[in-house]
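A.B. asks: The structure is given below, and queries will be raised subsequently.
The values are calculated or read from the model by the stated rules, or taken from the named source; none is laboratory data. These figures come from a predicted structure and were not determined experimentally. Here the Cβ is made from the backbone with ideal geometry for all residues, glycine too, and neighbour counts use every protein chain on show.
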């Protein structure tokens, strides 16, 4: 059943204690289909905990962890395939960990809230790059206001590039 009303999510940094939970989420079929093996992904997430280019976050609903979200600055990584985006652009990735919460509208609601917070902080553009075959994610991102602008294949695999730009201030 879709979300009937606005829900507020909390975003907190990932800690070492979260890694076993995230590994469990990465093993869930609805997540595993789109991510590399959990061991490789957990090693990368562990590295991101102290990174300046990637911010790994746990999304909480009513104090309970429900999803993994990361934001990244493609301009802080050498040869990042999305470094052609305007300066200040941030990229995000989201996976709802708990399977019983998939298909209820949480994905688009989480992304919408997080992106609004980024815009309030002055971020001019947010990009997201779902696999072109991930129709559920693409629909969720469209509901959150993202628009497709390109398709790419990089070391991350085939992607539909989607963006949402901050609202322009009236002159």
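A.B. asks: Test of understanding: among 86, 124, 99, which residue is within 29 Å of residue 18 (Cα to Cα), surrounded by fewer than 16 Cβ atoms within 10 Å (Cβ to Cβ), over 12 Å from the mean Cα position of the chain (by Cα) and in contact (Cβ under 8 Å) with a residue 12 or more places away in the chain?
C.D. replies: From the options 86, 124, 99, the qualifying one is 99.
A.B. asks: Take the residues in the range 49-65 that are surrounded by 16 or more Cβ atoms within 10 Å (Cβ to Cβ) and in contact with a strand residue (DSSP E or B) (Cβ under 6 Å, 6 or more places away or on another chain); name whichever of them is farthest from residue 162 (Cα to Cα).
C.D. replies: Here the residue is 65.
A.B. asks: Does residue 77 satisfy being surrounded by fewer than 18 Cβ atoms within 10 Å (Cβ to Cβ), under 22 Å from residue 125 (Cβ atoms) and without any contact (Cβ under 8 Å) to a residue 40 or more places away in the chain?
C.D. replies: So residue 77 fits the description; yes.
A.B. asks: Please list, ordered by residue number, the strands (runs of 3 or more DSSP E) wholly in the range 105-171 having 1 or more residues that are modelled with pLDDT under 95.
C.D. replies: Result: 147-154, 157-165.
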